1. Could you tell me which of rounded, prolate or oblate describes the stretch 219-301, using a ≥ b ≥ c as the square roots of the eigenvalues of the alpha-carbon gyration tensor, with rounded for a/c under 1.5 and, failing that, prolate when a/b is larger than b/c and oblate otherwise?
2. Tell me the Rg and the Dmax, in Å, that the Cα atoms of the chain produce.
3. Counting Lys +1, Arg +1, Asp -1, Glu -1, what net charge surrounds F386 among other residues with beta carbon under 14 Å of its beta carbon?
4. Helix 71-91 versus the longest principal axis of the chain: what is the Cα-based angle in degrees, 0 to 90, to the nearest 10?
5. Expressed as an acute angle from 0 to 90° and rounded to the nearest 10, what is the orientation of the C-alpha long axis of helix 337-348 relative to the principal long axis of the chain?
6. Which one, P351, P71, P114, has the greatest fluctuation when you compute a Gaussian network model over the chain with C-alpha springs under 10 angstrom?
7. Non-local amide H neighbours of A187 (under 5 Å, H modeled in plane, Pro and chain starts lacking H): which ones?
8. Using helices alone, what [θ] at 222 nm do you get for the chain, with -39,500 (n - 2.57) per DSSP H run of 4 or more residues, divided over all residues and rounded to the nearest 500?
Amino acid sequence: MKKPGASVLAVLIAVMGVGPLFTYSLSSLSPLVVERIGISAGQLGLLAAVVFGSAAISAQGLGRMADRISPKLQLILNFSGTVVALTIAATTSSFWALVAAAVLSGISQAISNPTTNRVIMEVVPPQKQATWLGIKQSGVPLSQFFAGMFFPAMAIWLGWVGATLSAVLIVIALTVYGAWILHQHYAGNTPRSQGQQTEQSPTDSEVTDSEPAGEGTALSTPVKLPHAVIILTLVAFLMGFTVQTVNVYLPLFAVEQAGFSLAQGGLTLTVCGILGMISRIWWARRVGAGARLSTLLLAMSAGAVAGVALLSWVQLGGPGALIWAAAVIHGLTALGGNVVVNAGVMKVAPPGTIGRASGVASMGMYAGFTVGPLISGLLRDISGDFLLPWAGAGVSLALTAGAALWLRSQQM
């Protein structure tokens, strides 16, 4: 049995990054999308809301499924949904076709956290799990970084269709590679290391292949999830509201308010993404070093408030260069929230329930991802500027701090 190494970690990063690629493609090219499809900022927000709404609706069920089917099959389902969504986006100029693609994209990415959390718990040594968690979570901002660089540049060179179909080819290649790597570490639904170290009775094998005997099962009487999972789900919702409000509208805001070019607008996402990769690893190491989750969330919330305050300042007439500072702060703070939430879930979830617990937390996160862009887009259309959307993001961060204090009362 091979020990999990860089190849497995690369696959986990890809699983986290491929799912949101459809959304980031729309965001990084938002000025072009608005012009090409003939939609408003509110409708752009609706597309993001549909993505994350479908993810929120399907997250809990897919989380349960993640405890039952092989990680290789989960990867194929995840990546296939993204391939179909991007293909639809490349070949249509219909808003409603994009809505259908958004539904597929949301469903496919909803299983990414349960899949990757399960693989880490099952094949990675305990002393390395916190670091791996942070690195695999960096797949999301890596996708953001990639989209901000790739799609505007390719659209200038090959147009919308060429840029999107090029991304499809990349995802197909990642699907083949990822399935091959996971096959080396899983025999069906069972980690190969587990198959060598433990023997299950026939009854155990019939119930579940994904957990050692005696730990309960995901298919028999469900184990009740701890109250802390619900609190962490609330945190995921509130942080998700702010994260996607900024992710979806930052490039459009930069172009409309500060006069950035299409490439410069996409580059704001790149800045968020590259710093988000670094910050997620850093926050995960703080978790691994024993820092309290509530302390980390309070620090994130305070920093992220400063970022949306800078965006509000730009809207009120401040220099456009502050957008870059806001992007830096957003990447270093708000984008790290999901790492802390997942670390908390992995810490408190009973054996055999990591997929289900991750699915519940993911449902909260995707619900925040849904509501944030939707409400912010409506506020933008009603008011004519982004002051109210940025204020709404600030309120959500204040509530996140309140939820963090609640976690502190639970000794977390």
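Only the coordinates and a few stated rules stand behind these numbers; no lab work does. Computed from a prediction, not measured in an experiment: that's the story for all the values here. Every residue, glycine among them, receives a Cβ derived from its backbone with ideal geometry; neighbour counts consider all protein chains shown.
1. Working: a/c = 2.86, a/b = 1.97, b/c = 1.45.
Prolate is the answer for the stretch 219-301, as a/c is 1.5 or above and a/b outweighs b/c.
2. 20.4, 70
3. -2
4. Tilt relative to the chain: about 20 degrees.
5. The answer is roughly 20 degrees.
6. P351
7. The answer is R192.
8. Result for the chain, helices only: -26500 deg cm²/dmol.
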